[in-house]
Every structure is written in structure tokens, then in C-alpha cells.
Amino acid sequence: MADPRTTVTTLLHRHGRTYAEEAGIALTDRPGPLYQLLVLSMLLSARIRAGVAVAAAHELFAAGYRSPQAMRDASWQDRVDALGRGHYRRYDERTATMLGDGAQLCLRRWDGDLRRLHRSADGRRPALRTELTAFPGIGPTGADIYLREVQGVWPDVAPFLDRRARQEARRLRLPDTPAELAALAPGDRFPRLVSALVRVSLGAEDPDRLTAAAR
């Protein structure tokens, strides 16, 4: 059986890139990146391949829709077109509507700054989930995706391990409690480890092949 530390090192080396990084989001505790992560989390939570969701986020951001103001001010058709360029076609019309409505909610309730949402929840995960799921297209899965990615810049959320990552950790014979797993990948390595677990669970690599490489 592979040593857990070796397995973690292998995971980080092969798949240790957050989805925010892949989407071109330089994640910091600032209004722009936090909003961009919200958009990405909504796209990733749909029943569509993660790569397509990331590509759609790239296209939205390349079109200039990096803030709630820009997303709200874009026409519905412009949002549909950007999603289409990312091949996010199955849900493009509905998603374009939700992006506009979500941007309006972000502006109205949080003045366009999701740090206000964070402060209002006082770092409590149940409260954060409640506020996040108020956004159109963000259900429990989308909220968990957001928390999984944002824990690197909101330390009071860490260590956070969603259901999918927990199941994959168990399958790879790693600790499946957040604190124990975080001890193997402290600091900013932990969000990358959680993303790596999610990637493997989605088929990025056969788990048996990965654990064999870690021996």
C-alpha cells in the first residue's frame, strides 16, 4: 500500500491545479476574482463536463464579463454567444439568464463585493452556503465548489472537503477528514489537493494507476 504522503505528493504533481487557476482566475480576496469564482462555480455545478465549464468561463471573462456590473450590462445574447464559444450549448440560454439575474443580485445585496457576504456569515459554513445558494444556478453542489476553491483566500473556511473529494480520498486510502488530510498538505497546497482528488474522481487518471505510481 502506498504511503499517504507519497500519494499526496503524486496527486499534487499530476493534478494539483485548482479549477480557478485553470479558468484564469488569479484568486485573491478581492471583489473581481471572488465574483469570477461564483460564475465558475455555477458553470461547474451543471451536468456538463468540467472542461466545458472552464472553457465557458474563459470565454465569458475574455468577453470582459469579469465583474457583476459587466455581466449585468451585457446583453442576454452576448452572454449566450460567449457560452456558445465555450461549447456550453446545452444550457446556454437558461444559464445566460441566470448569470444576468445573479449579477443583479450580487450588486443589489452585496454592492458587487462578495467579501460582504463573507463578513455577514462570520465565517460560518452553513451561513455561507445559505447566502451562496440564494444566487440563481448555485445549489448545494455549486456552494460546495465555491467553498472548496475559496478556502485558499478565506482561511476561516479551511480546511474544507466536499463530498466528492472525501469519497476519492477514501478510495485512495487517504484520511477522509479535513483536518487529517490538511496535515498532509498544509497551507495553499490543500485547495490544490482537494481539486486533484476531484479531478481523479472525474476520470483524470485511473486511481489504481495513480496509487501504483505512488508506491
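I'd like the residue in segment 1-27 that is of a type in the set (S, T, N, Q) and out of contact with any Leu (no Cβ under 8 Å at 6 or more places or on another chain) and, out of all such residues, is surrounded by the fewest Cβ atoms within 10 Å (Cβ to Cβ).
6
Which one is nearest to residue 131 (Cα to Cα), of the residues in segment 61-76 that are open to solvent by 90 Å² or more (accessible area, probe 1.4 Å) and part of a helix (DSSP H, G or I)?
Restricting to residues being open to solvent by 90 Å² or more (accessible area, probe 1.4 Å) and part of a helix (DSSP H, G or I), the top hit is 72.
Looking at residue 2 and the list (1) at pLDDT 95 or above; (2) touching a helix residue (DSSP H, G or I) at 6+ places or on another chain (Cβ under 6 Å); (3) part of a loop (DSSP other than H, G, I, E, B); (4) not basic (Lys, Arg), which single condition is not satisfied?
(1)
Among the listed residues 164, 125, which satisfies the condition of being farther than 19 Å from residue 12 by Cβ and open to solvent by 20 Å² or more (accessible area, probe 1.4 Å)?
Values: 164 fails: farther than 19 Å from residue 12 by Cβ.
Within the list 164, 125, the selection yields 125.
Just need a number here: residues in segment 5-16 that are in a helix (DSSP H, G or I) and under 22 Å from the mean Cα position of the chain (by Cα). Quick ask: steps written out before the conclusion?
Applying the first criterion (in a helix (DSSP H, G or I)) to segment 5-16 yields 5-15.
Narrowing further to those that are under 22 Å from the mean Cα position of the chain (by Cα): 8-15.
Adding up the residues that qualify gives 8.
Given (1) surrounded by fewer than 21 Cβ atoms within 10 Å (Cβ to Cβ); (2) in contact (Cβ under 8 Å) with a residue 24 or more places away in the chain; (3) under 27 Å from residue 203 (Cα atoms), identify the lone condition not met by residue 178.
(2)
Output the residue which, of all residues in segment 79-98 that are under 18 Å from the mean Cα position of the chain (by Cα) and aliphatic (A, V, I, L, M), is least open to solvent (accessible area, probe 1.4 Å). Break it down stepwise before answering.
Here is the first cut: in segment 79-98, the ones under 18 Å from the mean Cα position of the chain (by Cα) are 83, 86, 88, 95, 98.
Then drop every residue that is not aliphatic (A, V, I, L, M), which leaves 83, 98.
Details: 83: 0, 98: 32 Å².
Going through the qualifying residues, I end up with 83.
The values are calculated or read from the model by the stated rules, or taken from the named source; none is laboratory data. Everything quoted here is computed from the prediction, not taken from an experiment. Cβ atoms come from the backbone with ideal geometry, glycine included; neighbour counts cover every protein chain shown. Surface accessibility is based on the protein's heavy atoms, side chains included, excluding ligands, DNA and RNA. Shrake-Rupley method; radii C 1.70, N 1.55, O 1.52, S 1.80 Å.
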